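Input: a single structure, listed below in structure tokens.
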């Protein structure tokens, strides 16, 4: 019986066209994704927070900037109660006048880029209902919100253009401490709208990523060798093969991984006349490899950022 296991380490990916570093081009600036973010507190129940987040999503969608959870750039909101009244009709009703502030900034570094406000009133049977009725009066297509987004985009571009060399130096210092994930996060977080900085950070990320996959490859190879040496059977072969499949084709450990695959396959055949056909997939060409590498570097950075953000985002509303 022939047993075939084919592991795909990376898939060919379609990369976005690099944007030009010009603030005025709407299609370029729209590459900056902004994610609505809310913090729950005693002053907001779940309904109010949901309504607030929906309004932020609507504003960003109108501008083509709504992002997925985990993005670096975020929009947060704060509400100041200007007046609170109880209106008596057939029953008591709550009436609020609220100042709603929307703020866009960097959710990791804590930098505030732009803020806009609107005053709205709401009437409801409960305090939460009154808040929600007030928030419903916020119009996503209001020119004030468009100006907010445009100001934030401009500040984001200016920030990266002025801080690019510092970002690279900081990432290289992290890499020397073997903090490769954090280093790649800093470099790959630069939006491609900042073309000059994006290209420089991409070039700086490549040797850091190489160090990462070399170290990881050596560790995985050692783990696979230990499993195979201890088992020397089909179960051990499969377990070792699953580990070897995680080794990046560009890692220095990759040739040794291929050699171990051949050794395992030969031994499995000797044991029970079974073909153990395990193939570590390689890229078809350099274009495929380059695309996969950029995607892999970005994935490492995103994974680090997603893990860190809950801590970094804490108390942003009060800080901003």
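Throughout, read-outs are computed from the coordinates displayed, never taken from laboratory work. In this text, all values refer to a predicted model and were calculated from it rather than measured experimentally. Note that each Cβ is placed from the backbone with ideal geometry, even for glycine, and that neighbours are counted across all protein chains shown.
Computed values, structure above
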| item | result |
| --- | --- |
| Residues residue 299 and residue 158, FRET efficiency given R0 of 25 Å [Cβ-Cβ distance, rounded to 0.05] | 0.35 |
| Efficiency of FRET between residue 290 and residue 266 - r from beta-carbon atoms, R0 35 angstrom, step 0.05 | 0.55 |
| Segments 181-194, 229-242, 51-64 sorted - mean Cβ within 10 Å per residue, highest first | 181-194, 51-64, 229-242 |
| Spherically averaged projected area in nm², based on the convex hull that wraps the Cα atoms of region 51-126 | 6.2 nm² |
| Region 47-184 - Rg over Rh from alpha carbon coordinates, Kirkwood radius | 1.14 |
